[in-house]
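These notes are about the structure you will find just below.
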Amino acid sequence: MIVAGVGNVFLGDDGFGVEVVRRLAQEPQPDGVQVADFGIRGLHLAYELLEGYDSTILVDATPRGGTPGEVYVVEVGAEHVPPVPSSDELVERGAVLDAHAMAPAEVLALLEMLGGTPGRVLVLGCEPAVVEERMGLSEPVAAAVDVALGELRRLIGEELTSHPAATVREGR
């Protein structure tokens, strides 16, 4: 299993995933759990996922129209999650050429283009308040970091229970 923090720390609340993962990485993790800050390195994340994880948890600030600081979990592939763009759509938008502008859905589409499969993908998200050039999280999003850490620990436990012998596919 991999827990990946994504986002841009220079855009206020967009740094939410990076901060959550930074704090989680300071704690001991169970065997088979890798915690990593990918920041804006979407291309790097796509190549890391090629290693073949059974479970991926992406931690990100993702606007969904809720209250700033609201924490939620969605499973990629569920009805209410936007579809992953096709490879043609990615090329049209230039996402493959601009690895720093790749949102999680685009990372997963690139992974598929490269011949990989992500396994189960969960997004632990937080509704941002401020996404503009600035350092630091807004007050409601900063307060949500502890909530997200608790939820993340729960998700890791659940994923390890559902894949006890193979949290990372063979070869890893």
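The values are calculated or read from the model by the stated rules, or taken from the named source; none is laboratory data. Keep in mind that this is a model prediction, so the values were computed, not measured. Don't worry about glycine lacking a Cβ; one is built from the backbone with ideal geometry, like all the others, and counts go over all protein chains shown. Protein only, heavy atoms only, side chains kept; ligands, DNA and RNA dropped before computing areas. Shrake-Rupley method; radii C 1.70, N 1.55, O 1.52, S 1.80 Å.
Under 5 Å between amide hydrogens, built in the peptide plane, is the criterion, and for LEU58 it picks out ALA4, LEU122, VAL123, LEU124 among residues at least 5 positions away or on other chains. Hey, any idea what % of the range 18-68's accessible area is carbon plus sulfur with a 1.4 Å probe? About 51 percent, which is the carbon plus sulfur part of the accessible surface.
So what is the accessible area of the range 1-59 per residue, in Å², with the probe set to 1.4 Å? I get 37 Å² per residue for the range 1-59.
For the peptides 126-133, 149-156, 104-111, the ranking by mean Cβ contacts within 10 Å, running from highest to lowest, is 104-111, 126-133, 149-156. Counted residue by residue at 0.36 nm each, then reduced by the alpha carbon distance between them, the extension gain from PHE10 to MET113 reaches 34.1 nm. In this view, the solvent-accessible surface of ARG23, computed with a 1.4 Å probe and all protein chains in place, comes to about 70 Å². Ranked by the mean number of other Cβ atoms within 10 Å per residue, highest first, peptides 67-75, 53-61 order as 53-61, 67-75.
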